[in-house]
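Engineer: Can you read through this structure? Questions will come right after.
The values are calculated or read from the model by the stated rules, or taken from the named source; none is laboratory data. None of these values were measured; they are calculated from a predicted model. When we count neighbours, we look across all protein chains shown, and the Cβ atoms used for this are built from the backbone with ideal geometry, even at glycine. Calculation scope for accessible area: heavy atoms of the full protein, side chains included, ligands and nucleic acids excluded. Shrake-Rupley method; radii C 1.70, N 1.55, O 1.52, S 1.80 Å.
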Amino acid sequence: MKGAVDGGIDIPHSTKRFPGYDGESKEFDPEIHRKHIFGQHVADYMRHLQEEDEDLFKKQFSQYIKLGIAADSIEGIYKKAHSLIREDPEHKPAPEKEIKPKRWNRRKLSKAQRDDRVKQKKASFLKGQE
């Protein structure tokens, strides 16, 4: 919702909906909201897991590790993405992939194919009888 509001769409909202709002003190902390926008809560969680449980960290963030993304580089990735969106906000559809559906059962045979199969089986059976 924050991105839509920032983009200029008029959506009735309140800061109570955003991260950083404290229900007890009824105050909004924009710094917490900024951290969520730039993925710092994910980076903090990555650091926490890396210190506490290395196996869970490797399981949870395996794709990040594979791509070489460290906790310190997450904010830069988000800033780069935001700048690219500002440069050209028009949506570009991804190229369509050629998808061949899987088939676990055999395709139906045509009448001619079935008749031919019966002829082959008869011939094979008769050959075995001789």
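Engineer: Per DSSP H run of at least 4 residues, take -39500 (n - 2.57); add these up for the chain, divide by its residues and hand me the 222 nm value, nearest 500 deg cm²/dmol.
Structural biologist: -16500 deg cm²/dmol
Engineer: Right, something else. Does anyone have the angle between helix 111-129 and the longest principal axis of the chain? Alpha-carbon axes, 0 to 90°, nearest 10?
Structural biologist: Compared with the principal axis, the helix lies near 50 degrees.
Engineer: Find the percent of Cα-Cα distances in the chain that exceed 16 Å, and round it to a whole number.
Structural biologist: Everything past 16 Å amounts to 80 percent.
Engineer: Give me the dipole magnitude in Debye, nearest 20, for the chain about the Cα centre, with unit charges on the beta carbon: positive for Lys and Arg, negative for Asp and Glu.
Structural biologist: 2200 debye
Engineer: Just in the range 67-105: which trypsin sites (Lys or Arg not before Pro) are loop by DSSP and have at most 13 other Cβ atoms within 10 Å?
Structural biologist: Listed in order of number, the matching sites are K97, K102, R103.
Engineer: Tabulate in residue order the Karplus-calculated ³J(HN,Hα) for the range 46-51, using 6.51 cos²θ - 1.76 cosθ + 1.60 with θ = phi - 60°, rounded to whole Hz; enter x for Gly and Pro.
Structural biologist: Karplus values, whole Hz, x for Gly and Pro: 4, 4, 4, 5, 5, 7.
Engineer: Please report the spacing between the Cα centers of the range 66-81 and the range 98-114 in Å, no decimals.
Structural biologist: 46 Å
Engineer: What is the spin-label model distance, in nm, from F125 to H82 if the labels are put 7 Å beyond Cα along the C-beta direction?
Structural biologist: Result for the modelled spin labels: 7.7 nm.
Engineer: Going by accessible area, probe 1.4 Å, with all protein chains left in place, what is the ranking of L49, L67, largest first?
Structural biologist: Result, largest first: L67, L49.
Engineer: Under 5 Å between amide H atoms, partner at least 5 residues away or on a different chain: which partners does D29 have, H built in plane at 1.01 Å?
Structural biologist: Y21, D22
Engineer: Which whole-Hz couplings ³J(HN,Hα) result when phi for each residue of the range 76-85 is put into the Karplus expression 6.51 cos²θ - 1.76 cosθ + 1.60, θ = phi - 60°, listed in order with x for Gly and Pro?
Structural biologist: With the stated coefficients, the range 76-85 comes to x, 5, 5, 4, 5, 4, 5, 5, 5, 5 Hz.
Engineer: Once the whole set of protein chains is in place, how much accessible area is left on F38, using a 1.4 Å probe, in Å² to the nearest 10?
Structural biologist: 40 Å²
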